[in-house]
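In what follows, a single structure is set out as C-alpha cells and then discussed.
Values in this text are rule-based calculations from the coordinates and carry no lab data. No experiment lies behind these values; they were computed from the predicted model shown. Virtual Cβ from ideal backbone geometry, glycine too; neighbours counted across all protein chains shown.
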Amino acid sequence: MRIDIISVVPELLESTLNQSILRRAQEKGLVEIVVHNLHDYAHDKRKTTDDYPFGGEAGMVMKCEPVFELIEKLQSERDYDEVIFTSPDGITYDQHEANRLSTLGNIIILCGHYKGIDFRIREHLITREISIGDYVLTGGELAAAIITDSVVRLIPGAIGDEESALTDCFQDDLLAPPVYTRPADFRGWKVPDVLLSGNFAEIEKWKEAQAYERTKQLRPDLLEKLE
Ligand code: ADE
C-alpha cells in the first residue's frame, strides 16, 4: 500500500509517521508513506498556496493550481483508489472506514487548511471527505495522521500479533473487554479467577460478556447500531 499525504505544514506529520509501528511497517515494506509539501507546487516567488475568497468572506482559501498540479502528477504515475480530503464536514471516520481503507492499494490524503479549499478541488479531484469528529482542528494534518495510523496497523504483518487487530475495540462494534497482567494480586485487587483458570472456553465466554456489558454501560449507541 502507498499513502501520499499532501500538506502545507509537513513538519506536523513527520514525527508521528516515523515512530513505532508506522516506522516498522514502512521498514518492512508493508506501506510506503510519502509526505508532500504543497508549497513546492506553488510557482510564485512567495510559494503561495492560498488566496482571498471571492464574495468577501473572512479567512483564506486553498488555491486550485498547486493541488491540481500535484495530484494530477501523482495520478499520472500510478492508480489511486481514493483521494481523501480531511475536513470537519466529511463523513465521520470509524473502524469500518479504517478497515475499508486498509484493503486499498494507493490513497492520497489532502490535508485541509485555512478556511477551506476551492470547491472545484472537492468537485473534481476528491473522492472521499473524512472528518475525525465534530470539532474543528487548525488543519487536517492530525486527522491525516489518525487515518494513516489506524489504517497501517490493520495491514497484515504491521503489528506483531495479527490477531490483536481483529480483537480491537470497535472491530465488532463492541468495546474491548478488560485486560490484566502480572501480578495476579496487586494491593489486594485480584485479577478475575476465570482468567487464571486455564479454561479457554470459559475465558472466551467471560470476555464476550464483559465486552457486551462495557458497551452497554459506556456506548449504548453502538448496541443500538448492532440491533
Ligand atoms: N480539519 C479540521 N477539523 C477537522 C476534523 N474534525 N476532521 C478532519 N479534518 C479536519
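Points to keep in mind about this one:
- If the chain linking Gln75 and Asp149 were pulled fully straight, counting 0.36 nm for each residue of separation and taking away their Cα-Cα distance, it would gain 24.3 nm.
- Of the chymotrypsin sites (Phe, Trp or Tyr not before Pro) in the stretch 87-171, the ones in a loop by DSSP (not H, G, I, E or B) with at most 15 other beta carbons within 10 Å are Tyr135.
- 18 Å reach of a label modelled at Ala209, 7 Å along Cα-to-Cβ, counting backbone N of the stretch 167-186: 175-180
- Segment Arg2-Lys115, extension gain: residue separation times 0.36 nm, minus the distance between their alpha carbons: 37.8 nm
- Spatially near lysine pairs across the stretch 40-192, Cα under 26 Å, sequence gap of 8 or more or different chains: 9
- Comparing Cα centroids, the stretch 21-37 and the stretch 80-156 end up 17 angstrom apart.
- Computing FRET efficiency as 1/(1 + (r/R0)^6) for Thr48 and Asp89, where r is the C-beta to C-beta distance and R0 is 35 Å, gives about 0.90.
- A Förster radius of 30 Å combined with the Cβ-Cβ distance from Glu224 to Asn199 puts the calculated FRET efficiency at roughly 0.35.
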